[in-house]
């Protein structure tokens with residue numbers, strides 16, 4: 001058990017050391033790889049927390065009889081990352097703040113496969129922030145059953161941090177938290193940089209939406225220009241008109257119109273739209289508040305909430321503006337005789 005624990009801890013530190021090596025290179029792909037290694041190290045520790053408790057209860061039936069979280073423990077022993085994190089919180093081995101950031105970053109890691117380009121501007125800074133957060137969490141891991149044998153040999157990456165001279169032991173329990181502190185210091189994460197990075201990207205996203213909304217509002221509709229409030233409503237209702245969500249709502253409410261234009265107008269009057277007016281000024285205020293916040297964990301939570309809540313409307317704005325510009329280009333080419 002002890003040898004296995006030492007090799008497990010050494011393996012976690014090796015992953016974290018390799019993660020930092022890539023993150024410090026500064027490239028997008030290195031940052032992505034570093035973030036994935038960090039997330040994997042976090043998951044290894046989360047699983048070990050459950051595994052250690054499971055072994056303890058198995059060894060001491062009298063303790064197991066009185067244990068009140070058997071169901072949560074069994075779930076944590078499975079494949080669910082969320083269940084492992086929930087259990088670690090119950091055991092007091094991860095703070096609420098750490099757990100929130102770990103949840104967001106684990107989701108972010110999974111989204112990189114599909115939304116990599118969208119997040120590339122902040123990937124390097126976020127990978128560094130997650131690494132620092134992981135160092136704090138991993139370094140607080142409560143080690144059980146630490147021992148050693150004379151024959152154990154640690155790999156080169158681990159030897160940088162498990163520095164006993166070998167005459168008495170290859171490592172001591174405090175080597176692990178000390179290694180995490182060293183890694184955290186080496187990454188030189190700056191809270192202010194993470195917050196500024198998130199706010200800058202949020203400002204950039206809002207600016208793109210602002211431009212898209214201007215394009216849609218400038219479109220001539222029934223011989224007159226629309227207001228931005230009208231454009232944001234149309235942006236949502238035209239999408240709804242061709243989606244199951246919109247047609248099912250109309251069926252439930254007994255809509256009896258005929259044309260698609262009637263349907264779109266009816267949706268604007270009756271459907272509980274997410275945005276009834278131009279949201280840009282409100283979004284800018286959110287970004288400003290986030291920029292003035294001194295806690296990167298809070299900034300990340302606010303950023304993630306904004307990106308999630310506004311995802312659908314941002315996509316609709318971009319899609320609508322792209323279609324308008326494509327039509328304008330087509331008309332220009334047509335007049336030129338192309």
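Odds and ends about this structure:
- So residue 45, is it touching a helix residue (DSSP H, G or I) at 6+ places or on another chain (Cβ under 9 Å), surrounded by 13 or more Cβ atoms within 10 Å (Cβ to Cβ) and either part of a helix (DSSP H, G or I) or modelled with pLDDT under 95 (or both): yes
- Annotation note: Cβ proximity below 8 Å between a residue of the stretch 215-243 that is within 15 Å of residue 261 (Cβ to Cβ) and a residue that is assigned to a strand (DSSP E or B) and at pLDDT 90 or above (sequence gap 6+ or interchain) occurs for no pair.
- Some residue of the stretch 105-112 being loosely packed, with under 13 Cβ neighbours inside 10 Å, out of contact with any strand residue (DSSP E or B) (no Cβ under 6 Å at 6 or more places or on another chain) and closer than 30 Å to residue 174 by Cβ: no
- For the condition modelled with pLDDT under 95, in a helix (DSSP H, G or I) and touching a strand residue (DSSP E or B) at 6+ places or on another chain (Cβ under 9 Å), residue 234 qualifies.
- Note on the stretch 179-191: among residues that are without any contact (Cβ under 8 Å) to a residue 24 or more places away in the chain and assigned to a helix (DSSP H, G or I), the one that is surrounded by the most Cβ atoms within 10 Å (Cβ to Cβ) is 182.
Conditions tested, residue by residue: (1) more than 29 Å from the chain's Cα centre (by Cα); (2) not assigned by TED's automatic domain parsing to the domain that holds residue 292.
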site: 177; (1), (2): no, yes
site: 206; (1), (2): no, no
site: 214; (1), (2): yes, no
site: 219; (1), (2): yes, no
site: 227; (1), (2): yes, no
site: 230; (1), (2): yes, no
site: 234; (1), (2): yes, no
site: 239; (1), (2): no, no
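The values are calculated or read from the model by the stated rules, or taken from the named source; none is laboratory data. A quick note: this is a predicted structure, and the numbers were derived from the prediction, not measured. Please note: Cβ atoms are built from the backbone with ideal geometry, for glycine as well, and neighbour counts cover all protein chains shown.
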